[in-house]
Amino acid sequence: MRNLIILLAILCAAPVLAQPSLPILIETKNASLVLTVGSNQRLLQSYLGKKTDAASRSQLKGGREAYITAGMENQFEPAIRMVHNDGNPSLELKYVSHRSTVNGNITATDILLKDPMYPVEVTLHYLSYFNEDVIKSWTDIRHQEKKPVLMTQYASSMLHFNANEYWLTQFHGDWAREVNIVEEKLTNGIKSIESKLGTRSNFYQSPIFFLSLDQPSDENNGELIAGTLNWTGNFQFTFEIDQRNGLRLRSGINPYASEYYLPPNEMFTTPEMVITWSSQGKGQASRNLHRWARNYGVLDGKGQRMVLLNNWEATHTSFNENRLVELFDEGKKLGVDLFLLDDGWFGNAFPRDDDKNGLGDWQEDKRKLPSGIGYLVKEAEKKGIKFGIWLEPEMVNPKSELYRQHPDWILRLPNREENLGRNQLVLDLTNPKVQDFVFGIVDNMMTKYPGVAFIKWDCNRSMTNAWSPYLKDKQSHLYVEYTRSLYKVMDRIRAKYPLLPIMLCAGGGGRTDYGALKYFTEFWPSDNTDGLERIFIQWGYSYFFPANTISAHVTSMGKQQSLKFRTDVAMSGKMGYDIRVNNFTEQELRFSNEAVKTYKRISDVTWSGDLYRLVSPYQENRAVLMYVSENKSKAILFNYYTTVRRRDIFVKVKLQGLDPQKKYRFREIDLFPDTKPANPDNDKVFTGDYLMTVGLNLASGKITAMSSNVYEITEE
Ligand code: DGJ
C-alpha cells in the first residue's frame, strides 16, 4: 500500500505527456513535417518532404533534434545558446506537451519544451496553411531564473535535410542592381546568407532562398524548399553540412553583436520563418508563396492598388507648387489614380533642396509650397486624382532643426566621428519618445490632411557606428529592439489607418521582406528603372513576391528603349509612372493613355493569377512569363527581348497553367499606335492543350533588342 501511494505521488508530480509516442504531424496539402519524441524525451525531426501516408508515418522514428541546444553533446551550429545565472552555458530541452488547433485552412501546433534542471521553457510554434502549402514557424523563449539569462543564439527555426547534394539559390545585389540570382552547390562547412545592416537591411542580400535537394531545380522540376524570414532587420540563414552529409538549416535574427539578456518571466519571441515545400520546382514554390502572401502575408493583399504618377525622377527636389499642379494635369492626361509627391517638399531652416538638408523637419518648405499640402490635396482632387506623399521618418540630417533640438534621439557612437550615409543618421527608434515622433509624422500628416491617400515610406541608409543613447548599457539589444520598435510604430499606424496604402522603400530595394509587408501594401524594388535592367530585377523578386507588391514605374531611364518596351516591362508588376508626360509625343501620350486602361483591365489576372516563368532572361536573350487567372479563363503573357544576337534562335514557347480542354483566343494587346500585330497566330483560337504541348512561336517577324509584346489569352 505504501509503495502504491509513493507510485501515485510520483505519477502526479511528473509532467503530463501528451502521448509522446504519437508523431506530431504538421501538414499541408502536399507536404509533411513529422516530429517525434525520442527515448530521451528530446524532440526529433523525423521527416520533412512530400506528404506521407498514415502507414509510412507510423513507421517513422528517430531523426535529428528539432531545435538543437548549445552546451550539451551538440558539436555543430545550435538553434539556441543560453548562459544561466550560475554561469552554466548549456541548455537541454525535453518534450513536455503539444497541442494543435485547426481553424479552417490554418492549423496551429505548439510544442512545449523544458530544461529538466533549469527553469527555462521554449515553445516551438508552427502554423500550417493547408491550401498554400506554406508552414510558418517561430519560437517563444522564457525562464524563471532570478536574473536575466544571456542568449547568444535564438533561432526562429531549425530544419534538417538528408540528400546527396544540396543546391542553394540566393538573391544578392547592391543599389540599383538588386536580387541577382546565384545558384551553387553547397559543400561541407557553413554557408551563411545574412545581413548586418540594421536598417535598409536587404541592401546587399535579400532574406530569401531556395534549397534544392539532390540536384539544382528548375521552374518545373526538383524537390526544394523556398524560405524567407519575416524580419525587417539583421537576418541570418546558415546552411551547415556535417560529417555525414546531413544539412542543418538555421534561420532567424542574425546574432551578430546581439547578445540578448532576457529578464525573468519576459517572453522572447523570435520572428517567423516561412517555408514552402515543392516537389515541382521553383515555379510551384513561387505560386504557393504568392497565394499565401495575397491571403495572409501582405497588408490588403487582395485589395485594389492605385496607378500612380511619382515625381522623383522627373523633378528630383526642384519643384514648386505651380510645377506640381502642372504635373497633376499630366497625371490626369495619363489617366492615373494618384500623384505621389516625393522627397524635397519640407524644411525651412534647412530647406530640402538636396539630400544634405532638412531630413527630420517635416514642415512644408514655405518657398516651394507657400499654400501648403492642403492646397495640393485640393488641387489634385479638383483634377480628379488623389494625392500621396513621401516620408523618411526614421532619419535625420545633421543640417536640420531636429538634430539640434534632440541630439539624444540619434544613433551614433560616443568618442567617434559621426559616420554619415547619404548625409544622414538613423534616429534611435528604441526610444519611446522617438517612436511617438515617428508615429506623429504620419499621424499629423493624416490628421491635418485627411485627403492624403498614399504614403511612400523611405529609409535611405543602413546602420554603422550604431549606439543607442536610450539603451545605455544594453547596446547589444539595439539591432533587435530597433526592428521591434519599427513594428510598434507600424502597429500604431495600422490601428489608426488600417488600409492606407503605404509603399515600403529603402533607397531602392533595401527593405523587401514579409515582416514589413504585414504593414505595407507594396515595395519599391530598385532605383534602377531602366526597362532592360528591370526585367532581371522583377524576375528575381517574382520568385517570392506577387506582382501586386512589386512597384514598377515607367520612367525616362533607359532612353534608348522605346516607351512601349518600358511600359510592357512595368505592366508585369504593379505599374506606375515617374516621367514628364508633357515631353511625350502625341502618339506616346495616346499609347500611354491606352496602356493605363489596359493595365487596369488586366490587373486582376496579373495581381491575383498564378505566375508561370516560361523562359528565363538568365538562360536566353529573352524573358517570357505569364499569369493565369484562378479559373483558367484568362491569361496574360509578357514577351521581352533583351539583347538580341544573330546566333539567337528563339524556339516555340510552351505555355503553362491553362486548361487543356478549353479553347483560347490569342491576341496581342498594348500595341503602339499605328502598329499591327506581327505574329501570324494573332487573334487565332487554340486549345489549351495545343498551347501547352505544341506551343507558339512568339518570335515571328524581325526581332530587335529591347522590344516586347503583351498577349491576352481569353477563353472563347
Ligand atoms: C530613394 C528612393 O528609392 C527613391 O525612389 C526616392 O524616393 C529617393 N530616395 C528620394 O530621396
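The values are calculated or read from the model by the stated rules, or taken from the named source; none is laboratory data. Given the structure is predicted, the values throughout are model-derived calculations rather than measurements. As a convention, Cβ positions derive from the backbone with ideal geometry for all residues, glycine included, and neighbour counts pool all protein chains shown. SASA here: full protein model, heavy atoms, side chains in, ligands and nucleic acids out. Shrake-Rupley method; radii C 1.70, N 1.55, O 1.52, S 1.80 Å.
Some notes on this structure:
- Which numbered condition K564 misses (of (1) of a type in the set (D, E, K, R); (2) away from the ligand (no atom under 16 Å from the Cβ); (3) open to solvent by less than 10 Å² (accessible area, probe 1.4 Å)): (3)
- Residue among D491, D473 that alone is more than 30 Å from V569 (Cα to Cα), charged (D, E, K, R), more than 20 Å from the chain's Cα centre (by Cα) and away from the ligand (no atom under 16 Å from the Cβ): D473
- Filtered residue count, segment 113-151, keeping only those that are under 20 Å from M82 (Cα atoms) and either in contact with a Pro (Cβ under 6 Å, 6 or more places away or on another chain) or outside any strand (DSSP E or B) (or both): 11
- Among (1) within 16 Å of the ligand (Cβ to nearest atom); (2) over 19 Å from the mean Cα position of the chain (by Cα); (3) not hydrophobic (A, V, I, L, M, F, W, C) - the single one K456 does not satisfy: (2)
- Note on segment 539-560: residues that are under 13 Å from the mean Cα position of the chain (by Cα) and either within 16 Å of the ligand (Cβ to nearest atom) or among the small types (G, A, S) (or both) amount to 7.
- If only residues of segment 494-514 that are away from the ligand (no atom under 15 Å from the Cβ) and assigned to a loop (DSSP other than H, G, I, E, B) are counted, the one that is nearest to the chain's Cα centre (by Cα) is D513.
- Condition check for F536: open to solvent by 10 Å² or more (accessible area, probe 1.4 Å), among the hydrophobic types (A, V, I, L, M, F, W, C) and closer than 26 Å to R291 by Cα: yes
- Against the list (1) open to solvent by 10 Å² or more (accessible area, probe 1.4 Å); (2) among the hydrophobic types (A, V, I, L, M, F, W, C); (3) in contact with a Leu (Cβ under 9 Å, 6 or more places away or on another chain), the condition L359 fails is (1).
- Filtering segment 470-482 to residues that are assigned to a loop (DSSP other than H, G, I, E, B) and open to solvent by less than 40 Å² (accessible area, probe 1.4 Å) leaves only L471.
- Scan segment 676-693 for residues that are part of a loop (DSSP other than H, G, I, E, B) and open to solvent by less than 60 Å² (accessible area, probe 1.4 Å) and the total you get is 4.
- Enumeration of residues in segment 389-402 that are surrounded by fewer than 21 Cβ atoms within 10 Å (Cβ to Cβ) and assigned to a helix (DSSP H, G or I): E401
- When the residues of segment 334-352 are filtered to those that are more than 14 Å from the ligand (Cβ to nearest atom) and of a type outside the set (A, V, I, L, M), the one that is surrounded by the most Cβ atoms within 10 Å (Cβ to Cβ) is F339.
- L517 being away from the ligand (no atom under 16 Å from the Cβ), within 18 Å of K302 (Cα to Cα), under 19 Å from the mean Cα position of the chain (by Cα) and not polar (S, T, N, Q): yes
- A single entry from E165, E194, E219, E184 fulfils the requirement of being of a type in the set (D, E) and touching a helix residue (DSSP H, G or I) at 6+ places or on another chain (Cβ under 7 Å): E219.
- Considering segment 430-449, and only residues there that are among the charged types (D, E, K, R) and under 20 Å from L499 (Cα atoms), the residue that is surrounded by the fewest Cβ atoms within 10 Å (Cβ to Cβ) turns out to be K448.
- Residue, farthest from the ligand (Cβ to nearest atom), within segment 574-604, restricted to residues that are among the basic types (K, R) and open to solvent by less than 60 Å² (accessible area, probe 1.4 Å): R580
- Qualifying residue in segment 366-388 (condition: at positive phi, surrounded by 19 or more Cβ atoms within 10 Å (Cβ to Cβ) and part of a loop (DSSP other than H, G, I, E, B)): no
- Near pairs, Cβ below 6 angstrom, 6+ apart or cross-chain, from segment 583-608 (under 23 Å from N311 (Cα atoms)) to any residue that is hydrophobic (A, V, I, L, M, F, W, C) and not in a helix (DSSP H, G or I): F591/F672; V596/V307; T598/I669; Y599/M575
- Lone unmet requirement of (1) out of contact with any His (no Cβ under 6 Å at 6 or more places or on another chain); (2) modelled with pLDDT of 95 or more for D53: (2)
- Positions within segment 307-326 being free of Cβ contacts under 8 Å to residues at least 40 places away in the same chain and open to solvent by less than 70 Å² (accessible area, probe 1.4 Å), in sequence order: T315, T317
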